[in-house]
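The values are calculated or read from the model by the stated rules, or taken from the named source; none is laboratory data. Since this is a predicted model, take the numbers as computed values, not measurements. A quick note on method: Cβ atoms are made from the backbone with ideal geometry, for glycine too, and the neighbour counts reach across all protein chains shown. Protein only, heavy atoms only, side chains kept; ligands, DNA and RNA dropped before computing areas. Shrake-Rupley method; radii C 1.70, N 1.55, O 1.52, S 1.80 Å.
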Amino acid sequence: MSGSGPRTSKSRTGLDSNFAAALAYALGRIGGIVFLLIEKQDGFVRFHALQSIVTFTAIAVLHLVLRNLPLLSWMAGLPFMLLTVVV
């Protein structure tokens, strides 16, 4: 099973692939865009950078929709904020 162990390869940035992928999430959409533009060879980092972009863009769009719907805004505000922090 080649994919079951931890990754120890280096990305183009000089960081471990796991750390670079985690940074792509930790820095949100901007981190995802930066890592997607910088990393050209490591598919693992590119996948997680793209997933970070898609995830945090969807959260931003959902936030805008909920913010502009008065009834849903106060009912879903706190649960949505907690879900965003968990993600």
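Count of the range 17-49 residues, restricted to those that are surrounded by 22 or more Cβ atoms within 10 Å (Cβ to Cβ), farther than 21 Å from Ala60 by Cα and of a type in the set (A, V, I, L, M, F, W, C), is 2. Taking the criterion of being open to solvent by 50 Å² or more (accessible area, probe 1.4 Å), modelled with pLDDT of 90 or more and part of a loop (DSSP other than H, G, I, E, B), would at least one residue in the range 63-82 satisfy it? Taking every residue of the range 63-82 in turn, none turns out to be open to solvent by 50 Å² or more (accessible area, probe 1.4 Å), modelled with pLDDT of 90 or more and part of a loop (DSSP other than H, G, I, E, B).
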